[in-house]
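Read through the structure below, which is laid out as structure tokens, and then see the notes.
The values are calculated or read from the model by the stated rules, or taken from the named source; none is laboratory data. Note that the coordinates shown come from a computational prediction; the quantities given were computed from them, not determined experimentally. Positions of Cβ are backbone-derived with ideal geometry, glycine not excepted, and every protein chain shown enters the neighbour counts. Please note that ligands, DNA and RNA were not included when accessible areas were found on the heavy atoms of the full protein model with its side chains. Shrake-Rupley method; radii C 1.70, N 1.55, O 1.52, S 1.80 Å.
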Amino acid sequence: RKLNCTWSNVVKLGQSLYREKPGQDKHRPKQATPVENFFLAGSYTYQDYLDSMEGATRSGLMVADEIIARADGATGLKAKSEKAAASKQSDAPFFATAV
């Protein structure tokens with residue numbers, strides 16, 4: 001099918017980017033947090049692109065990488081599900097097992 005563009009618009013903002021002072025990256029949070037299975041994603045987090053859609057996208061990809069890395073590890077989701085399956089075979093209730 002042949003499509004024709006009937007309307008378009010280009011928005012240019014001269015002040016849409018900003019310069020960060022040297023040494024400010026240390027104040028930006030990383031994607032992984034100390035809280036188990038809680039991650040941060042967005043342009044404000046620590047990544048290469050400052051406050052932009054590219055930065056937000058990159059941050060989301062970094063979160064996905066972190067989730068996969070944690071899922072595959074010794075204390076990851078696979079290991080926890082195997083441990084839960086093994087504990088179901090015992091007579092103890094699910095809430096009495098060690099995590």
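For the stretch 71-79, backbone phi angles converted through the Karplus equation (6.51, -1.76, 1.60; θ = phi - 60°) give residue-by-residue couplings of 5, 8, x, 5, 10, x, 4, 4, 5 Hz, Gly and Pro being listed as x. Could you work out the local net charge near Lys78, counting Lys and Arg as +1, Asp and Glu as -1, over the other residues with Cβ closer than 12 Å to its Cβ? Overall, the nearby charge balance is +1.
Among residues other than Gln47 with Cβ under 15 Å from its Cβ, the summed charge is -3 (Lys and Arg +1, Asp and Glu -1). By the rule of a C-alpha distance below 28 Å, with chain neighbours fewer than 8 residues away ignored, the lysines paired with Lys21 are Lys12, Lys30. Over the stretch 1-74, accessible surface divided per residue gives 88 Å², non-protein components excluded, 1.4 Å probe.
Neighbours of Gln31, meaning other residues whose beta-carbon lies under 12 angstrom from its beta-carbon, give a summed charge of +2 when Lys and Arg score +1 and Asp and Glu score -1. At an R0 of 41 angstrom, the distance between the Cβ atoms of Glu66 and Val11 translates into a FRET efficiency of 0.80. For the stretch 50-65, the residues whose amide N sits under 13 Å from a probe point set 7 Å from the Cα of Gln24 along the beta carbon direction are 50-52. Between Gly76 and any residue 5 or more places off or on another chain, the built amide H atoms are never under 5 Å apart.
Here the spin labels are modelled as points 7 Å beyond Cα on the Cα-Cβ line, and at Thr57 and Glu36 they lie 3.5 nm apart.
Taking Lys80 as the anchor, which aspartates and glutamates have their alpha carbon closer than 14 Å to its alpha carbon, excluding any fewer than eight residues away along the same chain? Filter leaves Glu36, Asp72.
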